[in-house]
Structures are given as structure tokens and as C-alpha cells.
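Following: one structure in C-alpha cells, then a few remarks.
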Amino acid sequence: MAATSEDISGGISEVNSKGSGSVAAAAAGQWLIGGELPVNRMGFGAMRLPAGRWEGPAHDPARGIEVLRRAVELGVNHIDTAAFYFFEDIAANDLIRKALHPYADELVIATKVGPGRLPDGSWLDPADPAELRAAVHRNLRELGRDHLDLVYLRFLTTDGPGGDRFATLAALRDEGLIRHLGVSSATPEQLAEAREIAPVAALQNRFSPLTREHAELVELCAAQDIAYVPYFPFGGAGAPDLDVLRRVADRHGATPAQVTLAWLLAVSPAMLAIPGTSSPAHLAENVAAAGLRLDAEDLAELAALVDTDG
Ligand SMILES: NC(=O)c1ccc[n+]([C@@H]2O[C@H](COP(=O)([O-])OP(=O)(O)OC[C@H]3O[C@@H](n4cnc5c(N)ncnc54)[C@H](OP(=O)(O)O)[C@@H]3O)[C@@H](O)[C@H]2O)c1
């Protein structure tokens, strides 16, 4: 197993109470992105800050800034964003810059480039190499950085091979504008093609207890020291409140959302959670899941759930 994963939980074995913010992100242990950038395995996804859905309504930007600052206070040092996370004039990148710039040295900000997105949420055609370069510079400008820590090439399901586009990002890495590369919403073939061109530090595909279609990629990533960063960790429609999650949660004095996140972290040492929320209370609850350790009985019960419903 990857030697880059290090458990630094220091013996924390449980969340303290439902929704507690007293357990910090570091309790989830660490991962070295690309073998060198340390992040706590409990991070944060910024997509839900401008609005809960592409079509709105808008969230209060002041609350987004509060959530981001609180996340960092709770030890989150891996924030996931994209220039296409916006609603009307509220953009996740702007909120991140307003909340956190100048950035702490240990903060890793990951972003995605690929297709453009229209305000209604629909995607434009995959970016060509010139458009990809422009997208990287847009992220640099919006975030107020001179380099980007981790940039994913984001595929659409209709995309074929993406070697030319990944090569463009590899060139930008060689120029010093990007530190590490990843792929997102990628097939095994697209991941393999990218790895022929340059090292891939992270894969960001969908994964949750109820959506495990990429289970083989999760295993492959762990074996190859590639971080697996699941999007839609709750499945994409809010935290599921299923009987089995609640039963396990009740045994630990936790919540179904916390059990969902703890399950993800238990699946693989290369799994880096980035749950998204616009709510300070949900943020504290989610980060506290970093300290929840599921036992064999819990995992067996949850396996029955995914075998039945997943
Ligand atoms: N690469 C890609 O294609 C892609 C696609 C989607 C997302 N992403 C990234 O992945 C991150 C995670 O995805 P996501 O945030 O969309 O995941 P999700 O599974 O859809 O979870 C977020 C939803 O759950 C709710 N929620 C969060 N914490 C909760 C809690 N403790 N209790 C109850 N409800 C809770 C949120 O609402 P509230 O705001 O009310 O808490 C929101 O509706 C995103 O932020 C983004 O950075 C990437």
C-alpha cells in the first residue's frame, strides 16, 4: 500500500458528539499529493458555495466566506474549486480569494479545467489547447496565485481520448504554472492515456456508498499512489438519511452524513474527502467525521447496504 499515506490521528477514535466541530480535519490522517504536498484527508469542496444548484438561488457570499475561513480553522488544507463554479456574479474562486488570500503555505487549492460552462449549467465543447491555457490563467488570476497546486483535466462523458489536452497541461506544469496534474470524470482508458504523458497525482470521479461504479479505479489509485478524490460524496442530492446509516450513526453518537464520510475514508488510504456545503453547521459536522472510526460490524452492515442498493 502507498507509503505516502500517514495516519496522524493520534488515537482519536470517535466523533465527540453529533455535529461537533471539536475534531479537526487532521484526525483523518494525511496524504501526500504527488508524493510531496501534504493534505489532511478531510478537505472541502467549494462548488456549493455560490448556489446549491446550477440554477440557483444564490447563497449569501458572506456565508460562503465564513464557511471557507471556518474550514481552514478546523484544519482543512485541501480545497477543491473550479472557475466554472459560479452563479450569476458569485464565483467560488472569488470567495476563496476574498476569504483566504494571502494563502497559508500549507493550503492546497485544486482546480479543474476542461469544458466551459454556460450560466444554465450546460457544458460547452471540450476546450482546445489554447482555451485550456486561457482557463489555467483565468484560475491563476481569480485565485490570485502565481502557480496552481493541482489542476484536473475535467472530461465530459461524451469526450473521447484527451491526450492532446493533457499534454497541454503537462507543458504548463513544465513552465511552472502548475505543480501537479489530475484527471476528473475520467474513464480507465483516459486515466491510462494521461499517465503515459505525465504523472497523474489525483483522480476526481464520483464515488459514495450508493454510487460505487468506479470501485476498481479506487483500488488502482491506492496501488499507484494516486489520490482518489470522490465528488458527490453524499451521492449528489444531499446527505442520505437511510436506516442503515442511522443505525451505525446511533452506535457512535454520530450522524448519517458523518458515517457516509467515515465510510469513504475507510475504503482506501488514498481517498481524500471534499464534501461540499454552504452551511457552517454542516461544515463542522462533516469535518468532525475525520475522527469517526468505523469498526468491522459497521463496515459489514454498510457493505450490505451497497450490495443491495448501490
Ligand atoms: N469533478 C466533477 O465533475 C465534480 C462534480 C461535482 C462536484 N465536484 C466537487 O466535489 C465536491 C463535493 O461534491 P458535492 O459537494 O456536490 O457533494 P454532494 O454529495 O452533492 O454533497 C453536497 C450536498 O449535501 C449537502 N450537505 C453537505 N453536508 C451535509 C450534512 N452534514 N448534512 C446534510 N446535508 C449536507 C449540501 O447542502 P448544504 O449546502 O445545505 O449543506 C449539498 O446539497 C464539490 O464541492 C466540488 O468541489 C466535482
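The values are calculated or read from the model by the stated rules, or taken from the named source; none is laboratory data. As the structure is a computational prediction, the values presented were derived from the model and not from experiment. No Cβ is skipped: glycine too gets one built from the backbone with ideal geometry, and neighbour counts run over all protein chains shown.
Quick check: anything in the range 197-207 more than 11 Å from the ligand (Cβ to nearest atom), within 21 Å of the chain's Cα centre (by Cα) and aromatic (Phe, Trp, Tyr)?
Checked the range 197-207: no residue is more than 11 Å from the ligand (Cβ to nearest atom), within 21 Å of the chain's Cα centre (by Cα) and aromatic (Phe, Trp, Tyr).
Are any residues in the range 118-144 more than 16 Å from Leu181 (Cα to Cα) and buried (at least 17 other Cβ atoms within 10 Å of the Cβ), and if so, which ones? Write out each step before concluding.
Going residue by residue through the range 118-144, those that are more than 16 Å from Leu181 (Cα to Cα) are 118-128, 130-131, 134, 138, 141-144.
Matches in the range 118-144: Pro126, Ala127, Glu131, Glu142, Leu143.
Just one of (1) at pLDDT 50 or above; (2) touching a Pro at 6+ places or on another chain (Cβ under 8 Å) trips up Met1, so point out which.
(1)
Take the residues of the range 39-82 that are within 23 Å of Ala28 (Cβ to Cβ) and β-branched (Val, Ile, Thr): which is farthest from the ligand (Cβ to nearest atom)?
Val72
Taking the range 48-82 as the search range and keeping residues that are in a loop (DSSP other than H, G, I, E, B) and surrounded by 22 or more Cβ atoms within 10 Å (Cβ to Cβ), which one is nearest to the chain's Cα centre (by Cα)?
Step one: of the range 48-82, the residues in a loop (DSSP other than H, G, I, E, B) are 48-50, 52-57, 59-60, 74-77, 81-82.
Adding the requirement that they be surrounded by 22 or more Cβ atoms within 10 Å (Cβ to Cβ) leaves 49-50, 74, 76-77, 81-82.
On the way: Leu49: 14, Pro50: 17, Leu74: 16, Val76: 11, Asn77: 11, Thr81: 9, Ala82: 11 Å.
Taking the candidates together, the pick is Thr81.
For residues in the range 83-95 being assigned to a helix (DSSP H, G or I) and in contact with a Pro (Cβ under 9 Å, 6 or more places away or on another chain), which is nearest to the ligand (Cβ to nearest atom)? Before the answer, list the steps.
So in the range 83-95, the residues assigned to a helix (DSSP H, G or I) come out as 92-95.
Those still in the list that are in contact with a Pro (Cβ under 9 Å, 6 or more places away or on another chain) too: 92, 94-95.
Values: Ala92: 8, Asp94: 15, Leu95: 12 Å.
Applying the filter and picking the extreme gives Ala92.
Restricting to the range 171-192, and then to whatever is within 13 Å of the ligand (Cβ to nearest atom) and either β-branched (Val, Ile, Thr) or part of a strand (DSSP E or B) (or both), can you tell me which residue is nearest to Asp149 (Cα to Cα)?
If we take residues in the range 171-192 being within 13 Å of the ligand (Cβ to nearest atom) and either β-branched (Val, Ile, Thr) or part of a strand (DSSP E or B) (or both), then Gly182 is nearest to Asp149 (Cα to Cα).
Which one of these does Ala27 not meet: (1) surrounded by 15 or more Cβ atoms within 10 Å (Cβ to Cβ); (2) modelled with pLDDT under 95; (3) among the small types (Gly, Ala, Ser)?
(2) is the only condition that Ala27 fails.
So which of Leu302, Leu242 is more than 15 Å from the ligand (Cβ to nearest atom), aliphatic (A, V, I, L, M) and either in contact (Cβ under 8 Å) with a residue 24 or more places away in the chain or touching a Lys or Arg at 6+ places or on another chain (Cβ under 7 Å) (or both)?
Values: Leu242 fails: more than 15 Å from the ligand (Cβ to nearest atom).
Of the residues listed, the single one that is more than 15 Å from the ligand (Cβ to nearest atom), aliphatic (A, V, I, L, M) and either in contact (Cβ under 8 Å) with a residue 24 or more places away in the chain or touching a Lys or Arg at 6+ places or on another chain (Cβ under 7 Å) (or both) is Leu302.
Can you spot a residue in the range 116-130 that is within 15 Å of the ligand (Cβ to nearest atom), aromatic (Phe, Trp, Tyr) and at pLDDT below 95?
Yes, some residue in the range 116-130 is within 15 Å of the ligand (Cβ to nearest atom), aromatic (Phe, Trp, Tyr) and at pLDDT below 95.
Out of the residues in the range 196-223 meeting the condition of being without any contact (Cβ under 8 Å) to a residue 40 or more places away in the chain and not in a helix (DSSP H, G or I), tell me which one is farthest from Leu299 (Cα to Cα).
Result: Ala198.
Being surrounded by 24 or more Cβ atoms within 10 Å (Cβ to Cβ), more than 27 Å from Pro199 (Cα to Cα) and either modelled with pLDDT under 95 or more than 11 Å from the ligand (Cβ to nearest atom) (or both): is that true of Leu292 here?
Judged against the criteria, Leu292 is a match.
If I ask for residues that are assigned to a loop (DSSP other than H, G, I, E, B), within 12 Å of the ligand (Cβ to nearest atom) and closer than 19 Å to Thr111 by Cα, which ones from the range 224-235 would you list?
So the first thing to find is which residues in the range 224-235 are assigned to a loop (DSSP other than H, G, I, E, B), and the list is 224-226, 229-230, 232-235.
Pick out the ones that are also within 12 Å of the ligand (Cβ to nearest atom) and you get 229-230, 232-235.
Matches in the range 224-235: Val229, Pro230, Phe232, Pro233.
I'm trying to understand the selection: among the residues of the range 208-223, which are among the aliphatic types (A, V, I, L, M) and within 14 Å of the ligand (Cβ to nearest atom)?
Initially, the range 208-223 is screened for residues among the aliphatic types (A, V, I, L, M), giving 210, 215, 217-218, 220, 222-223.
Within the range 208-223, Leu210, Leu217 qualify.
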